[in-house]
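Encoded as structure tokens, the structure appears first; notes follow it.
The values are calculated or read from the model by the stated rules, or taken from the named source; none is laboratory data. As the structure is a prediction and not an experimental result, all values here were calculated from the model. For neighbour counting, all protein chains shown are included, and Cβ atoms are generated from backbone atoms with ideal geometry for every residue, glycine included. Only protein heavy atoms, including side chains, enter the accessible area calculation; ligands, DNA and RNA are left aside. Shrake-Rupley method; radii C 1.70, N 1.55, O 1.52, S 1.80 Å.
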Amino acid sequence: MTITFDDNLPIFQQVAHIIEDDILNGTFRVDEQILSVAQFSQLLQINPATVVKGIALLVNEGILYKKRGLGMFVSADAKEKIQLKRRDRFYKEMLAGLLSEADKLGLTTNEIIAMIKQMRKD
């Protein structure tokens with residue numbers, strides 16, 4: 001697997017996002033073990049310390065938990081926590097930017113909704 005990292009975001013945060021995506025799409029399920037630090041490091045071709053920081057971020061958020069001597073596992077409510085976090089970010093960052101640009105273009109709420117519905121059909 002080849003990942004292209006975004007220069008605008010620290011790699012450890014991108015590692016956390018990759019793991020979150022894998023939880024959201026069902027690659028990793030509740031109480032299932034994720035890949036080891038060494039496996040992630042080799043797969044993503046990055047320093048193991050960077051992987052550790054990304055995993056630690058998810059542990060601190062309660063998305064992953066550690067079983068001593070076994071590794072990291074997906075928490076029972078991990079998917080819900082990720083969705084809430086990302087919905088909040090979507091609302092604050094993406095939607096705010098979209099509406100700001102829509103205002104500059106003079107788009108009405110109904111026009112924006114129509115555009116969204118059209119995109120959903122495509």
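Please indicate, with yes or no, whether at least one residue in segment 80-102 is in contact with a helix residue (DSSP H, G or I) (Cβ under 8 Å, 6 or more places away or on another chain), acidic (D, E) and under 17 Å from D21 (Cβ atoms).
No; the residues of segment 80-102 include none that is in contact with a helix residue (DSSP H, G or I) (Cβ under 8 Å, 6 or more places away or on another chain), acidic (D, E) and under 17 Å from D21 (Cβ atoms).
If you check R68 against the conditions, is it exposed (fewer than 15 other Cβ atoms within 10 Å of the Cβ) and within 24 Å of G26 (Cβ to Cβ)?
The answer is no for R68.
Among the residues of segment 98-115, write down those that are open to solvent by less than 90 Å² (accessible area, probe 1.4 Å) and β-branched (V, I, T).
T108, I112, I113
What are the residue pairs meeting all of these: first residue in segment 31-56, first residue closer than 18 Å to S75 by Cβ, second residue in a loop (DSSP other than H, G, I, E, B), Cβ atoms under 6 Å, and 6 or more apart or on different chains?
Correct list of pairs: I34/F28.
Considering each of V15, V52, V30 in turn, give the residue that is out of contact with any Pro (no Cβ under 7 Å at 6 or more places or on another chain), open to solvent by 50 Å² or more (accessible area, probe 1.4 Å), aliphatic (A, V, I, L, M) and not in a loop (DSSP other than H, G, I, E, B).
From the options V15, V52, V30, the qualifying one is V52.
Hey, can you tell me all the residues within segment 71-97 that are open to solvent by 80 Å² or more (accessible area, probe 1.4 Å), at pLDDT below 95 and not aromatic (F, W, Y)?
Passing the criteria: K92, E93, M94.
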